[in-house]
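Worksheet: one structure, shown below.
The values are calculated or read from the model by the stated rules, or taken from the named source; none is laboratory data. Source: prediction; values computed, not measured. Positions of Cβ are backbone-derived with ideal geometry, glycine not excepted, and every protein chain shown enters the neighbour counts.
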Amino acid sequence: METKTQTIPFHVADLGEEEAQAAADVVRSGWLTMGPKTVEFEREFASYIGAKHAIGVNSCTAALHIALEAIGLSQGDEVLVPTTTFTATAEVVVYFKAIPVLVDVDPTTLCIDPIDAERRITSKTRAIIPVHFAGQPCDMDKIQELAARHHLEIIEDAAHSLPASYRGTPVGAISKLTAFSFYATKTMTTGEGGMVTTNDDDLAARMKIMRLHGIGRDAWKRYSSEGSWYYEVLSAGFKYNLTDIQSAIGLVQLTKCTQMRNRREEIALKYNEIFSQCGLLQTPIVLDDRESAWHLYVLRLNLDRLTIGRAEVIERLKQQGIGTSVHFIPLHMHPYYRDSYGYSAEALPVATAEYQRSISLPIYPGMSPDQVTYVTEQVLSIVGSARR
Ligand SMILES: *Cc1c(COP(=O)(O)O)cnc(C)c1O
């Protein structure tokens with residue numbers, strides 16, 4: 001049967017009147033920057049995760065930065081980072097004149113490979129930043145064991161993994177420090193935004209100071225009626241605070257977070273059901289002891305059985321109105337990381353090979369069952385006509 005061409009963007013955020021109303025209410029209140037709504041959002045977020053503290057910032061990049069600052073990362077230190085990630089995970093290490101040491105990934109999960117990570121540890125290694133790729137938690141038992149043996153700090157990059165859990169524990173309540181993203185395309189959004197969670201009072205206090213110019217406690221109150229004109233600068237901090245407009249939107253998004261995740265899982269299971277029958281495709285696997293946030297659906301092509309490559313499949317999907325993306329061009333293949341640290345494609349073989357055959361398909365709560373079916377039909381038709 002001939003299906004009519006549809007237009008399915010790669011991502012559409014699940015935003016409605018409630019978010020618009022919440023943002024408008026903040027505007028009408030007259031207090032737009034960090035204030036009572038941010039305090040409320042932090043409290044609700046911490047409770048959703050089951051962490052003692054949640055500190056709101058204006059991006060996940062900022063969250064990772066203040067987390068590394070809080071553990072005292074210094075010039076010349078080395079930090080283990082998976083090569084299959086967004087540049088933010090590694091660039092924050094460079095902010096300290098420290099060295100991001102790129103690590104290969106596990107071929108099943110595309111998460112950091114703890115065995116390869118251990119091989120790259122030196123006397124200068126201070127920390128590891130596991131990225132819960134596509135929303136599936138990394139092997140945290142192995143990473144914690146490795147970190148304990150080599151005295152490394154763990155900072156989790158949870159930009160993809162809200163909400164997700166590992167052996168029953170929500171991501172955000174596993175390690176000392178976890179960074180989340182509320183960027184426009186992430187599992188919940190405030191346009192731009194981020195959060196760090198921790199159970200450690202001292203780290204939380206340090207991060208609260210550093211996200212707002214290094215000024216002492218509750219600095220945001222200084223323009224409110226209860227605030228005072230007096231404040232002290234304790235450190236050269238950053239301008240990373242989250243606004244009340246963002247937090248008001250975040251509070252609404254948070255109430256929908258579990259429901260949005262469950263809808264993405266339904267789509268993923270439908271994709272898996274259809275695509276796993278096709279020998280030309282490899283579907284993502286979520287291991288039994290963890291729950292994925294299903295931020296991404298990364299389909300892998302069995303290129304040895306196809307006459308066309310990944311770029312051609314993407315082009316043909318685009319012609320059929322389907323938006324896709326690629327996660328990620330490994331960091332070692334970008335000019336900056338390649339040239340600054342001298343990585344070769346052969347040094348990180350799994351990430352290099354898996355990148356060549358990965359396509360991220362649309363997966364978001366607003367997709368209708370018809371749209372999901374249309375994507376499966378088009379993918380099967382394109383690869384089916386290119387069988388070797
Ligand atoms: C999106 C993303 C980030 C950065 O998030 P921002 O909120 O845009 O700073 C960091 N790490 C990963 C893995 C991401 O996908």
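Results, tabulated for the structure shown:
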item	result
Close pairs (7 angstrom Cβ cut-off, 6 or more residues apart or separate chains): among the basic types (Lys, Arg) in segment 185-203, outside any strand (DSSP E or B) and within 16 Å of the ligand (Cβ to nearest atom) anywhere	LYS186/ALA159; LYS186/HIS295
Meets criteria (small (Gly, Ala, Ser), touching a residue at least 24 places away in the same chain (Cβ under 8 Å) and closer than 30 Å to GLY323 by Cβ) for ALA88	yes
Test result for LEU254, touching a strand residue (DSSP E or B) at 6+ places or on another chain (Cβ under 8 Å), under 21 Å from VAL171 (Cα atoms), of a type in the set (A, V, I, L, M) and in contact (Cβ under 8 Å) with a residue 60 or more places away in the chain	no
When residues of segment 62-72 are limited to those that are outside any loop (DSSP other than H, G, I, E, B) and in contact with a helix residue (DSSP H, G or I) (Cβ under 8 Å, 6 or more places away or on another chain), the one surrounded by the fewest Cβ atoms within 10 Å (Cβ to Cβ)	GLU69
Filter result for ALA127 (assigned to a helix (DSSP H, G or I) and within 16 Å of the ligand (Cβ to nearest atom))	no
Test: ILE329 is in a loop (DSSP other than H, G, I, E, B) and in contact with a strand residue (DSSP E or B) (Cβ under 6 Å, 6 or more places away or on another chain)	no
Matching residues in segment 73-108 - criterion: being crowded, with 20+ Cβ neighbours inside 10 Å, in a loop (DSSP other than H, G, I, E, B) and within 14 Å of the ligand (Cβ to nearest atom)	THR83, THR84, THR85
Selection status of ALA311, in a helix (DSSP H, G or I) and either out of contact with any helix residue (DSSP H, G or I) (no Cβ under 9 Å at 6 or more places or on another chain) or not assigned by TED's automatic domain parsing to the domain that holds VAL131 (or both)	yes
Qualifying residue in segment 32-39 (condition: modelled with pLDDT under 95, outside the structural domain of ARG316 (by TED's automatic domain parsing), hydrophobic (A, V, I, L, M, F, W, C) and surrounded by fewer than 21 Cβ atoms within 10 Å (Cβ to Cβ))	no
